[in-house]
Amino acid sequence: MGRKVEETMLAVVVNQARVLGLRQVSAVYVPTAKNKPTLDFFKRSGFAYDEAANTFTWATNDLYPVPDGITLEAARLENIS
């Protein structure tokens, strides 16, 4: 963590969810002895946190911000079967 890879991936996921017509993106946090950095990251991410359900949610009507200094290029996703 620290190179903005995680934030960039969230921006990609939220954008792809928008393209697919989904209204939200959710992540379920699974508490383990080694997973605290994930909890800390999502708490800083801007995703809404439902502590009782250990779930983080982002409404796709809002774009997730791409970190400064990162440029994304669109790639065509092929159906792999």
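Readers should treat all values here as calculations from the given coordinates under stated rules, not as data from a laboratory. Please read all numbers here as calculations on a predicted model, not as lab measurements. With ideal geometry, Cβ positions are generated from the backbone for all residues, glycine too; neighbour counts draw on all protein chains shown.
Observations
- C-alpha long axis of helix 5-19 to longest principal axis of the chain, angle in °: 60
- Loop-located GluC sites (Glu not before Pro) in the range 1-80 (DSSP state not H, G, I, E or B) with no more than 11 neighbouring Cβ atoms inside 10 Å: 51, 73, 78.
- Neighbour counts of other Cβ atoms within 10 Å put 71, 60 in the fewest-to-most order 71, 60.
- Bridging of residue 34 to aspartates and glutamates at a Cα separation below 19 Å is possible for 6, 51, once same-chain residues fewer than 8 apart are set aside.
- For the pair residue 44 and residue 59, label points projected 7 Å from Cα toward Cβ lie 2.6 nm apart.
- GNM result for the chain, Cα springs below 10 Å: residue of 39, 20, 63 fluctuating most strongly: 20
- Annotation for residue 73 and residue 33: the two label points, set 7 Å from Cα along the Cα-Cβ direction, are 4.4 nm apart.
- Rounded to 10°, Cα long-axis angle of helix 36-45 versus longest principal axis of the chain: 60
- Read-out Rg and Dmax of the Cα atoms in Å, derived from the coordinates shown; its label in (1) 13.7, 46; (2) 13.8, 38; (3) 11.4, 32: (2)
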